[in-house]
Amino acid sequence: MTSAGILTVGDELLAGEVENSNATWLADRLTDSGVAVAEIRVVPDEQASIETAVAEFATRFDHVVVTGGLGSTPDDVTLEGVAAALERPLEENTVARADVAETVREIEAKYPEFEFDLERAARFPAGGRPIPNDEGIMPGCAVENVVVLPGIPSEMKAVFERVEGEFSGDVTSRTVVAYAPESNLNPLLVELRERFDVRVGCYPEGERKRIKVSAPGRDRVAWAYEWLRTRPEVRE
């Protein structure tokens, strides 16, 4: 089973000032690709916190997706944290520098007083691969099993879509709806899990209870779904 951890960076997320829509969007896209999202974590704009989380995730999961903290301001320390976690030095990346410089020139043509720290923005973890950002200035970065994306949602989506094809797994899922009280469903859910060795989630939505079955490969999920849909508590 291919796994992923999502790490979102930003003091504003921890303070509740900004909704963590990036994590939800990424989890949905990774799940659609058959990748099991095993954990989502939010950390502050602190290099040490980012380093600790990335180092842990990189050893636990097949993929690590980091979003936020890319740029040239003092609080943009994500790449420093990633480099430290992977024990790689930060160094000038000529591809990233050229990409950023071109975008900055276009902005300066419209706004002559625009200032941007190109030297800082061009420093990437050694061996990192820049991922073009058609919606903003800073490119993303892929290094080892870690992909780093901008934090602005439109930029995050544009950069992720550049590498989305590199994420694939064999986890599939099916969903049914039940209307019995959630506690009454416990025997059914336990039997479903034990009989077919699948992951089972039950999510109340008012009177509806959405039951989701997931597992690597299609056969187990198909068998579990066919059995589940015949139970009297369940509707398709």
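The values are calculated or read from the model by the stated rules, or taken from the named source; none is laboratory data. Small disclaimer: the values here were computed from a predicted structure and weren't measured. All Cβ positions, even for glycine, are placed from backbone atoms using ideal geometry, and neighbour counts span all protein chains on display. Just so you know, the surface numbers come from the protein's heavy atoms only, side chains and all, with ligands and any DNA or RNA stripped out. Shrake-Rupley method; radii C 1.70, N 1.55, O 1.52, S 1.80 Å.
Here are the numbers for the structure shown:
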read-out	value
Residue check for L79: within 22 Å of D134 (Cα to Cα), under 12 Å from the mean Cα position of the chain (by Cα), part of a helix (DSSP H, G or I) and modelled with pLDDT of 95 or more	no
Verdict on E191 being over 30 Å from the mean Cα position of the chain (by Cα), over 17 Å from A36 (Cα atoms) and acidic (D, E)	yes
Some residue of segment 200-216 being without any contact (Cβ under 8 Å) to a residue 12 or more places away in the chain and closer than 30 Å to P130 by Cβ	no
Hits in segment 208-226 (condition: more than 21 Å from T2 (Cβ to Cβ), open to solvent by 70 Å² or more (accessible area, probe 1.4 Å) and modelled with pLDDT of 90 or more)	R210, W223, E226
Failed item, numbered, when G128 is tested on (1) under 22 Å from A158 (Cβ atoms); (2) at pLDDT below 90	(2)
Tally, over segment 61-73, of residues that are out of contact with any Lys or Arg (no Cβ under 6 Å at 6 or more places or on another chain) and surrounded by fewer than 20 Cβ atoms within 10 Å (Cβ to Cβ)	2
Among (1) more than 22 Å from G165 (Cβ to Cβ); (2) in contact (Cβ under 8 Å) with a residue 60 or more places away in the chain; (3) open to solvent by less than 20 Å² (accessible area, probe 1.4 Å), the one test that V35 misses	(1)
Qualifying position, being in a helix (DSSP H, G or I), in contact with a Gly (Cβ under 6 Å, 6 or more places away or on another chain) and within 30 Å of A53 (Cβ to Cβ), among V163, V159	V159
Test: G165 is surrounded by 14 or more Cβ atoms within 10 Å (Cβ to Cβ) and closer than 30 Å to G81 by Cβ	no
Hey, V176 in contact with a His (Cβ under 9 Å, 6 or more places away or on another chain), in contact (Cβ under 8 Å) with a residue 60 or more places away in the chain and either open to solvent by less than 30 Å² (accessible area, probe 1.4 Å) or not in a strand (DSSP E or B) (or both) or not	no
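Yes/no per residue for (1) touching a residue at least 40 places away in the same chain (Cβ under 8 Å); (2) open to solvent by less than 70 Å² (accessible area, probe 1.4 Å):
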| site | (1), (2) |
| --- | --- |
| P44 | no, yes |
| S49 | no, yes |
| A55 | no, yes |
| D75 | yes, no |
| L79 | yes, yes |
